[in-house]
1. Near the amide H of residue A:183, under 5 Å away, which other amide H atoms are found, from residues 5 or more places off or on another chain, if H is placed in the peptide plane?
2. Taking amide hydrogens as modeled 1.01 Å from N in the peptide plane, which residues meet the under 5 Å criterion relative to residue A:670, leaving out close sequence neighbours?
3. Please identify the chymotrypsin sites (Phe, Trp or Tyr not before Pro) of region B:14-82 that satisfy two criteria: DSSP loop assignment and at most 13 other Cβ atoms within 10 Å. Which are they?
4. Using Cα centres only, tell me the gap between region B:1-55 and region A:689-764 in whole Å.
5. Can you tell me which aspartates and glutamates have their Cα less than 12 Å from the Cα of residue A:439? Leave out same-chain residues fewer than eight positions away.
6. Can you work out the Karplus-derived ³J(HN,Hα) for every residue in region A:402-411? Use 6.51 cos²θ - 1.76 cosθ + 1.60 with θ = phi - 60°, whole Hz, and x for glycine or proline.
7. In what order do A:523, A:422 fall by count of nearby beta-carbon atoms within 10 Å, going from fewest to most?
8. List A:244, B:73 from most exposed to least, where exposure is judged by having the fewest other Cβ atoms within 10 Å.
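We did not get these values from a lab; they are worked out from the coordinates using the rules stated. Since the structure is predicted, the reported quantities are computational estimates derived from the model, not experimental observations. Note that each Cβ is placed from the backbone with ideal geometry, even for glycine, and that neighbours are counted across all protein chains shown.
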Amino acid sequence: MGNEKQTFIKNPTFKWVGTRPVRPDGMDKVTGRAAFGADYQLPGMLVGEVVRSPHAHARIKSIDVSAARALAGVHAVVTAEDFPDLPSEIAAGGEAPINFRDVSHNVIARHKALYEGHAVAAVAATTAAIAAHAVALIKVNYEVLPHVIDVREAMRDNAPLLHDDLFTTGIDPQPTTPSNIAGRTQFVLGDIAQGFAEADIIVEREYTTQPVHQGYIEPHACAAAMGADGMATIWTSSQGHFMVREFCAKLLKVEIGQIRVIPAEIGGGFGGKTTVYLEPLAMALARQSGRPVKMVMTRSEVFRASGPTSGTHVWVKLGAKRNGTLTAGEMILKYQAGAYPGSPAMLGGMTGFAPYDLKHAKAVCYDVVSNRPKCAAYRAPGAPMAAFGVESALDEIAQQLGLDPLELRAMNAAKAGTRALYGPKFLEIGYAETLAAAKAHPHYSAPLGPNQGRGIASGFWFNIGGQSSAAVHVNEDGTAEVVTGNPDIGGSRASMAMMAAEVLGIDLAKVKPIIGDTAQIAYSFLTGGSRVTFATGMAVVEAAQDTVRQLRERAAKLWKVEFAEVEWRDGMAYCTRTTEEPRAPLSMAAIAHSCAKTGGPISGTASINASGAGPGFGTHLCDVEVDPETGAVKILRYTAIQDVGRAIHPSYVEGQLQGGAVQGIGWALNEEYIYDQQGRLLNPGFLDYRMPVASDLPMIDTVLVEVPNPGHPFGVRGVGEVPIVPPLAAVANAVSRAIGIRMTDLPLSPPRILATIDRAKRST
Amino acid sequence: MATVVLQGELARRYAGGQTTVTIEAADYRALIDALERRFPGLAAAVSVRTAVAIDGVIFQEPLLEPITQHSEVHFLPLIGGG
């Protein structure tokens, strides 16, 4: 309801929105002064370390911590016994329903370890060396159990069972025997049989993708301290300090008001920092020891114990008429959730066909547990894998019908009024505009050489709103602070300040953006789902409007006129009463300077639950060259085009498009988890888990298409999710066209491509 | 009368397979109360696991949202992001 008093500005003349000022936090970050999660030092601080399971699946028969506890310098040791045994209960969790029992068991294993790297105990000691020694002294008696890694193997009837109380939901009647299939969800639109009966051509394929990690540069890190009054303070790098506070309160069964969380700067999250791993352990260790405790994951721990996104198996069937009109689409999606239920399979089923006007469509989605780290959100969770299948199948249809792949998409493009498979009809969207921009881009008509191919793919994401708070404090000299409650991951300080300056009508340099901790600003949902510039930005606009209203009231008092006789323009109050001597305009500084005489400090606030987030669509063009001797793929040229609503700070929007494209390219070409026969991860580091680096890639070109979202006063749409959706298929389509063989399994690593080429040669 | 669309488990488990229902309601709270009277258990089922689309706009917490004679209401899985 938060946006009910907002009106979209149709023909704007903006002073700040759409410009490219230097980011307010830039200087601190490039000079190393910004404090990240591992940078906090407190008097008497201990070092926390985690004991992790060496087994992919094992029953914990006993844990002997006596030797560790007796070691000099060790001040605390915790196991699951030090945490409340929470009931299994689904609760509303904002982004997704949450079972806090599962979250608790993922933070510290109870009864069973479900993946290699699963935390089973934690220690706090005066030095890292003592903590490491204590970890080695903890004796865990395991009964090793059979494990399962692959999603399709986990779905088999005879697969090793992770949870004996997990019964598949979404099937009537619900099964009475436990399964690794946590849930089945189905979406149906129209009559799928009729749709395929109308088709002249049908493409049917299976596609696989590997789990990939978000790959944020900064490992998970936090510090926790307990006050003498029992109040806990946590300093942490996360995507939402209010989320950390809520989760720690639930997991440790304390009141939310007993925890204050102070956000550190964050070195990337991409969805992977929307849950807790270390914070509850650090708080429990601090509570037991009475001293502050700092915990920092190694890169190996990040890979072995924090959530990647799901590995998937997706079956797609698409039907079309000879002229290219799509008649039906069907998907079966099997997504790994990791050790506990909660994969984004449903979101894959909802998004895969969303760019297209399909009258008949169906998606069946399976959420499957296996002995891997619990998956976490990763930009547009679930969507890239589904789009990989759908956009690859579309490319095959274009090839078989001899159609331009952009034309094929354009003739079937969703537009306002198109009904999505998941139910509602779209309002204003800009998908067709991205296709037109792609067609007009010089990239699309650039010539290709031998062993080169061009791939096209599109993608969709809903975008979300949610609860946000903002405050605008006017200082005595007319400067202002804009305080919000969302960690700044993608440059949101700049966009918040710009929106505030736009509404206040003052110089951007006079607005200081501040990220408030949980005690300094009212609740704000986490930084995720591309919601901050939209939802928190809307709160900032409302808080700034509230501030302007107060400034007009104060000016009216100073002039002894009615409120309605005061106008606010360009940061100044103007009196419109014409019957008396003209009154000189009052600046914000002048009004603020005399605020004590007119009622005290001036501060605007807003707390909202924003709705009306405009969906986002993107289209990517990718040129590759494949070395037929080695199978290596070189990205020659890449262009990301997206409907961004309206870009508040275009450079940061472009950065989001570039970052999403690069992460998607890594997903397509190289990234994968490699396990040994015992289910142990063999490549938990950036040397062996190959993410793209700058030298691997050309400059990613971007085109910002602006079809403003009428649900936001400046027309903002979220932009961070969409750009990771198309790249998997864009790259795979380019490679497939370059080598003349359809590639359906990721990653497209040199050995896989070479084997495919060799196999094709042998068969001809 | 607003049109409420029920997919999958909601239709099967609570509405006897009925996928489209018409309801007279001024806001979402009244609509969900009316649905609960007709299909007991449905209100609880949609309270924690779903978002709601009203006339194409998706709400995570729609309690006070107005419903019109021509509204179309869908229940969706909760939508997050990365």
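1. Amide H to amide H, under 5 Å and 5 or more residues apart or across chains, residue A:183 pairs with A:169, A:367.
2. Placed amide hydrogens put A:748 under 5 Å from residue A:670.
3. Numbers: sites: B:14, B:28, B:59, B:75; in loops: none.
Of the chymotrypsin sites (Phe, Trp or Tyr not before Pro), not one in the loops of region B:14-82 has a Cβ with at most 13 other Cβ atoms within 10 Å.
4. Region B:1-55 and region A:689-764 have Cα centres spaced 40 Å from each other.
5. Cα-Cα hits under 12 Å: A:404, A:407.
6. So the J values, rounded to whole Hz, are x, 9, 5, x, 6, 5, 4, 5, 4, 6.
7. Fewest-to-most ranking of A:523, A:422: A:523, A:422.
8. Working: A:244 28, B:73 25.
Sorted ascending by nearby Cβ count, the order is B:73, A:244.
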